[in-house]
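What follows is a short report on a single structure.
The values are calculated or read from the model by the stated rules, or taken from the named source; none is laboratory data. Keep in mind that this is a model prediction, so the values were computed, not measured. Reconstructed Cβ throughout: ideal geometry from the backbone, glycine too, with neighbour counts over all protein chains shown. Surface areas here come from the heavy atoms of the whole protein model, side chains and all, with no ligands, DNA or RNA. Shrake-Rupley method; radii C 1.70, N 1.55, O 1.52, S 1.80 Å.
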Amino acid sequence: MATTPTTDNDSNINLWIIQQEKCHLALSIPATEFQHFSLRPLAWLRYLAGALYGREGDLSVSINGHTVDYDQLTLCDRDYYFTSPETAYLLDPKIMDERQSYSTHNTAGRGGFKEEI
């Protein structure tokens, strides 16, 4: 069972993703700025959590808690937990690192690849 995490900053809205019985802080946004992102902040936070996790899921205000009301216009808590019944489909954070080539031109090592096959 996942344990309740803690953060040093109580003035932020924190998004926790629960994966393999562990809570991972995925995002922390200043509470004063949070309402600027959407008219339905909890629906937006759920969308964002799903984009980070790579799957659909639900938000709650406690670990293993009830799903929040996504139409609620104000945030009542500082910590929100995202869970999904599906396995995460996380994007590799190094997918676009400096070793990748973004050019559409052939390189010397790949120029004759088609002919070699």
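Within the stretch 20-31, residues that are in contact (Cβ under 8 Å) with a residue 40 or more places away in the chain reach partners that are of a type outside the set (A, V, I, L, M) with beta carbons closer than 6 Å, at six or more positions or on different chains, in the pairs 23/5; 23/16; 31/11. Scanning the stretch 72-87 for residues that are under 20 Å from the mean Cα position of the chain (by Cα), without any contact (Cβ under 8 Å) to a residue 40 or more places away in the chain and open to solvent by 40 Å² or more (accessible area, probe 1.4 Å) turns up 77, 85, 86, 87.
Cβ-Cβ contacts under 7 Å between residues 6 or more apart (or on different chains), taken from a first residue in the stretch 42-70 that is farther than 16 Å from residue 14 by Cα to a second residue that is open to solvent by 30 Å² or more (accessible area, probe 1.4 Å) and of a type in the set (S, T, N, Q), are listed as 57/83. Find the residue count for the stretch 8-40, including only residues that are charged (D, E, K, R) and surrounded by 10 or more Cβ atoms within 10 Å (Cβ to Cβ). Qualifying residue count, the stretch 8-40: 4.
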